[in-house]
Amino acid sequence: MKKIIYILFAASLGLSSCGGDDSNKNGDEKAALGGVKYGGVFRVNETEDFRSLYPLNVTEVVAHRITNQVYQGLVKLNQEDLTVLPSLAEKWEINEDATSFTFHLRKGVKFHDNKCFPDGKGRELKASDVKFALDKVCESFPENQMYWIFKDKVKGSDAYFQSTVAKKHLPTGVEGIKVIDDYTVQIDLDYPFAGFLKILSHSSCWIYPKEAFDTYGVDMRINCVGTGPFRIKTVKESEAVILEANPDYYGIDEHGNKLPYLDGIKYTFIKEKKAELLEFKKGNLDMVFRLPLEMIKDVVGELEDAKKGGNKPYIMQVVPAMSVVYLGMQNKLAPFDNVDVRKAFNYAIDKNAIVTYTLQGEGRPALHGLVPPFKGYDFEGVKGYDYNVEKAKEHLAKAGYPGGKGFPEVTLQINSGGGDRNVQTAEVVQKMLAENLNVKVKIEQLQFPQHLENLETGKALFWRSGWIADYPDPENFLNLLYGINVPADISTKSFINSVRYQSATYDAKFKEALKEVDEAKRYELYKQADQIAVDDAATVPILHDENTRLIQIYVKNFPSNAMEYRDMTEVYFDKEQ
């Protein structure tokens, strides 16, 4: 379901840009075949800093939105409907039982010019580059947080990973990743998995050259060498990231126009949403993602004014998000190692009230499992926790804390981004737990990188978190609770399963689902796994979000989608409207 609304802001329509960049002024665009136009720098702001731009360490949305324009994988997603499209691979074959995938690479694709190459000129991408980058997914080193993508899926992934742990790399790399010839790669799996193509659209499967890794090492976090439509021009952390069009990009559109259309993309890092929105109103930004809660009423009023006046200088796009906001509880440490404590928290929090009153209807309460609504997935068939104070008290008493007596004060950790909604949600949770369970909660707000570090290393006991789909499949959410992703040592990073939930029953059902080729049967098994995790109160799902954008009226070919997946390859400006 998608809503597109036209909105009028009573504000200056000046088009001068942030930082003195005047490349977006009217008249800079040049016409091309099919009515599209070349030129302009797309200006967008992020309220959080990125942590790393290295594909195997892209663990948050800001980095993904930048690097998705720079790197490419064998496949990518359609920006409108999230179906799988060819990218570096122009075609592929899948065997009958979905255990072997053969990809045929485009010829003539070049890496970006970069000093990591002997002559500074990007060379042609070959199948050996694909093997190098995908083997890296299965190596043990601090900058790689993505082994879970291939673990127990790609043939030989575990053997290769263990060899790298022992510092004795198998010379052939991952057994199941094979170079057939310069333009053909074959990937073999341990079991049938029809959803594997979707996984290959993940950022961890983007391809980069060995020369870049050898030259930059850990500094690949800001030194990007890909094959995408844009390349890195400037990185000033916490200030700006500027991308420029890749002159050697292979892509052409249906009319024969060379891609991309834009001259570049500029990311700024204004921390306050009010200031960001003001820049948009001034014409200094081309889009704003998410509106502060306190501005929603103003937006509604401006929408009504726009309808009356007939003026439509801005567009608002609203799409139900393929995401979940939840409260994480460290399942391995007291007091949350007790299932009755976790159940008590689930019953004590009124999700409907949070969405309806605190968030003024923004999003949908997560009344079922962790997985948001998916086409074909019976998410409503998962029985969640009703708001029930009496049951909450019963479970807390059963855990040994009648009336909250003796229960330790806990800290609810939240990140600093997200405007006021993070704080407001945390304060309501704090109040509900105090009133319903007599549990004292302290709120601690951290910068996003430190927030992630704490919950991944087991330093946080209780925290607010969110997950936006990396690829459109319920597996991507349920993998958050797959026990095989939990390290033995609590201080060892557990990126994907940060709550460290482990259940043999859940894992068995999840693995059964992974091996099921029939999608309807697979989704039913996912639902059963989802129910097991709910029964164990592994997390406290709060809401399924909405993606809300404001874009300037002249921005074209930039559809919204449930993942907020952004592909700027064919975005263009038409200011003559």
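The values are calculated or read from the model by the stated rules, or taken from the named source; none is laboratory data. Computed from a predicted model, the values in this text were never measured in an experiment. Heads up, the Cβs are rebuilt from the backbone with ideal geometry, glycines too, and the neighbour counts pull from every protein chain shown.
Considering each residue of the stretch 391-413 in turn, at least one proves to be modelled with pLDDT of 95 or more, crowded, with 17+ Cβ neighbours inside 10 Å and β-branched (Val, Ile, Thr). Considering the conditions (1) farther than 30 Å from Tyr357 by Cβ; (2) surrounded by fewer than 18 Cβ atoms within 10 Å (Cβ to Cβ), Ala434 is excluded by exactly one of them, (1). Contact map, the stretch 79-96: first residue closer than 18 Å to Leu134 by Cα, second residue at pLDDT below 95, Cβ cut-off under 7 Å, separation 6 or more or different chains; the map is empty. The residues of the stretch 260-278 that are more than 22 Å from the chain's Cα centre (by Cα) and either of a type in the set (Phe, Trp, Tyr) or surrounded by 18 or more Cβ atoms within 10 Å (Cβ to Cβ) (or both), listed by number, are Pro260, Tyr261, Leu262, Asp263, Gly264, Leu277. Residues in the stretch 28-53 that are hydrophobic (A, V, I, L, M, F, W, C), touching a helix residue (DSSP H, G or I) at 6+ places or on another chain (Cβ under 9 Å) and closer than 15 Å to Asp286 by Cα: Val44 alone. Number of residues in the stretch 362-390 that are more than 23 Å from the chain's Cα centre (by Cα), over 15 Å from Ile532 (Cα atoms) and of a type outside the set (Phe, Trp, Tyr) equals 4.
All of (1) crowded, with 21+ Cβ neighbours inside 10 Å; (2) more than 24 Å from the chain's Cα centre (by Cα) hold for Ser491 with one exception: (1). Filtering the stretch 55-109 to residues that are hydroxyl-bearing (Ser, Thr, Tyr), more than 18 Å from Thr227 (Cα to Cα) and in contact with a Pro (Cβ under 7 Å, 6 or more places away or on another chain) leaves only Thr99. In the set Val341, Val355, Val371, only one residue is closer than 30 Å to Leu525 by Cα, touching a Leu at 6+ places or on another chain (Cβ under 9 Å), not in a helix (DSSP H, G or I) and not aromatic (Phe, Trp, Tyr); that residue is Val371. Exactly one residue among Asn78, Asn45 is at pLDDT 95 or above, of a type outside the set (Asp, Glu) and surrounded by fewer than 23 Cβ atoms within 10 Å (Cβ to Cβ), and that residue is Asn78.
I'm checking my understanding of the structure. Among residues of the stretch 203-241 that are in contact with a helix residue (DSSP H, G or I) (Cβ under 6 Å, 6 or more places away or on another chain) and among the aromatic types (Phe, Trp, Tyr), which one is nearest to Tyr71 (Cα to Cα)? The residue in question is Trp206.
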